[in-house]
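I have placed the structure first, in the form of structure tokens, so that the comments after it can refer back to it.
The values are calculated or read from the model by the stated rules, or taken from the named source; none is laboratory data. Computed from a predicted model, the values in this text were never measured in an experiment. Quick reminder, even Gly has a Cβ in these numbers, built from the backbone with ideal geometry, and neighbours come from all protein chains shown. Surface accessibility is based on the protein's heavy atoms, side chains included, excluding ligands, DNA and RNA. Shrake-Rupley method; radii C 1.70, N 1.55, O 1.52, S 1.80 Å.
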Amino acid sequence: MNTTEVKSLLCKALREKPETLRASRKMGNIDFAKLRHMGLNENVFGMSPKALEAISEASPVSNLYADWTQKDLKEAIAENFGLTTEYVTTGCGSSAMIDAMGTAFLDPGDELMLCMPTFPAIIDTAQMHGATVKIIQMKDDLKFDLAKMLLEITEKTKMVYICNPNNPTGTYIGIDELRKFAESCPDDVIQVYDEAYIEFSDAPDCQSIVECMKELPEKPIIALKTFSKFYGMAGVRVGYALAQPEISTWLAKCGTQFGVSKTSQAAAAAAIKDKEHGAYVHEQVVRGRDYLAKEMKALGCDVYDSQTNFIFFNAHVDPVEVQYRMMEKGIFISAQAGMNRVSVSYMEDCERFIMYLAEIMHALKATA
Ligand SMILES: Cc1ncc(COP(=O)(O)O)c(C=O)c1O
């Protein structure tokens with residue numbers, strides 16, 4: 001069969017789906033496997049030693065299916081947030097939870113609203129379900145414009161997505177503003193708060209929506225969480241959603257049967273309890289983030305204050321070229337929305353990155 005013939009077999013939504021907004025990159029002959037990772041917001045400080053131990057223990061009995069009720073994992077997550085397990089739905093990464101939300105809630109003609117630039121997976125999901133996407137301009141400080149979003153809600157609006165703190169900008173909305181927004185949103189609009197990076201924050205008002213979700217049971221609020229970032233388990237694939245039990249029940253019906261593996265469940269349950277490792281990761285990331293921000297500012301970059309494990313910056317030269325030249329020197333960073341984003345790494349890699357960035361900016365400015 002040729003591509004056209006296969007295309008005629010596709011479901012309507014996929015056939016008509018616009019191109020993805022996910023970042024693409026110029027790779028040339030660069031071997032991605034050999035690069036130092038400072039481009040995907042991974043946690044180089046790794047997972048909890050207790051999670052590694054749990055994987056070793058669970059691994060020999062992986063001939064059996066995992067506990068499909070996910071009792072231990074759900075209990076560990078629920079306890080962490082002062083909830084009961086009915087509030088918790090898990091999946092293979094928060095990506096799987098994004099898919100489940102689309103399956104559960106989005107129909108053709110529904111509208112998803114968000115600000116850009118943000119993490120675009122939810123856009124692909126919405127379009128795969130035939131929903132349309134309304135993009136609201138971010139404010140000049142690259143924060144979600146919640147006031148504008150509220151004004152733009154119509155009877156078509158089915159879901160609003162707020163990434164807090166936001167990827168790729170690193171910026172955040174304080175809890176008072178978020179609470180006002182959550183209270184003001186109509187009861188039939190699903191409010192999704194993607195908190196993939198919130199554990200890295202240190203600003204006192206950068207807080208999870210979970211307490212508001214508890215206090216506003218009439219509002220369909222979903223907090224989206226992951227073990228991929230703060231818990232250093234991107235390759236393990238565990239994410240979860242926290243929502244009122246009435247919502248969680250439906251989300252759970254939309255996941256993959258036997259989705260989260262035995263080893264992944266064991267690792268995640270151990271990781272969320274290991275507060276000592278969490279404190280170590282937090283300290284390392286804040287230290288690296290402060291260093292990168294200070295040094296990039298000294299090089300003349302515009303740097304956006306970040307509450308995450310990455311920094312969004314404008315080096316005032318072509319961001320795709322900065323990314324490519326950085327890869328030639330052995331470091332992978334991201335280029336998107338007309339700027340660059342670098343993830344915090346070991347201090348020696350952060351220092352190397354700053355040295356290379358100075359060289360690249362100098363070379364690009366000389367040829368401009
Ligand atoms: C904001 C945000 N949400 C969700 C994800 C998906 O993460 P995962 O599927 O690994 O949990 C990412 C990944 O980079 C992200 O940046």
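Summed over the range 73-102, the residues that are within 16 Å of the ligand (Cβ to nearest atom), assigned to a helix (DSSP H, G or I) and touching a residue at least 60 places away in the same chain (Cβ under 8 Å) give a count of 10. State whether the residues of the range 280-287 include one that is assigned to a helix (DSSP H, G or I) and closer than 13 Å to Met38 by Cα. Checked the range 280-287: at least one residue is assigned to a helix (DSSP H, G or I) and closer than 13 Å to Met38 by Cα. Restricting attention to the range 233-253 and to residues that are part of a helix (DSSP H, G or I) and open to solvent by 20 Å² or more (accessible area, probe 1.4 Å), the residue that is farthest from Asn43 (Cα to Cα) turns out to be Glu246.
Mind listing just one residue for me: the one in the range 180-194 that is closer than 19 Å to Ile98 by Cα and away from the ligand (no atom under 16 Å from the Cβ) and, of those, most open to solvent (accessible area, probe 1.4 Å)? The qualifying residue most open to solvent (accessible area, probe 1.4 Å) is Asp188.
Listed here are the residues, each with its yes/no results for (1) in contact (Cβ under 8 Å) with a residue 24 or more places away in the chain; (2) more than 18 Å from Ile173 (Cβ to Cβ); (3) within 13 Å of the ligand (Cβ to nearest atom); (4) touching a strand residue (DSSP E or B) at 6+ places or on another chain (Cβ under 6 Å).
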| site | (1), (2), (3), (4) |
| --- | --- |
| Lys214 | yes, yes, no, no |
| Pro217 | yes, yes, no, no |
| Pro220 | yes, yes, no, yes |
| Val238 | yes, yes, yes, no |
| Ala243 | yes, yes, no, yes |
| Ser248 | yes, yes, no, yes |
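A quick yes/no check of all residues on (1) hydroxyl-bearing (Ser, Thr, Tyr); (2) open to solvent by less than 60 Å² (accessible area, probe 1.4 Å); (3) within 16 Å of the ligand (Cβ to nearest atom):
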{"site": "Ala196", "(1), (2), (3)": "no, yes, yes"}
{"site": "Ile209", "(1), (2), (3)": "no, yes, yes"}
{"site": "Tyr231", "(1), (2), (3)": "yes, yes, yes"}
{"site": "Lys275", "(1), (2), (3)": "no, no, no"}
{"site": "Val286", "(1), (2), (3)": "no, yes, no"}
{"site": "Cys301", "(1), (2), (3)": "no, yes, no"}
{"site": "Tyr304", "(1), (2), (3)": "yes, yes, yes"}
{"site": "Gln307", "(1), (2), (3)": "no, yes, yes"}
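Does Cys212 satisfy the condition of being of a type in the set (A, V, I, L, M, F, W, C) and closer than 20 Å to Pro117 by Cβ? Taking the combined requirement at face value, the residue does not satisfy it.
Residue check: Thr256 meets all listed conditions (1) open to solvent by 20 Å² or more (accessible area, probe 1.4 Å); (2) under 23 Å from Phe119 (Cα atoms); (3) modelled with pLDDT of 95 or more but one, namely (3). Against the numbered list (1) over 22 Å from Ser345 (Cβ atoms); (2) in contact with a strand residue (DSSP E or B) (Cβ under 7 Å, 6 or more places away or on another chain), Lys273 comes up short only at (2).
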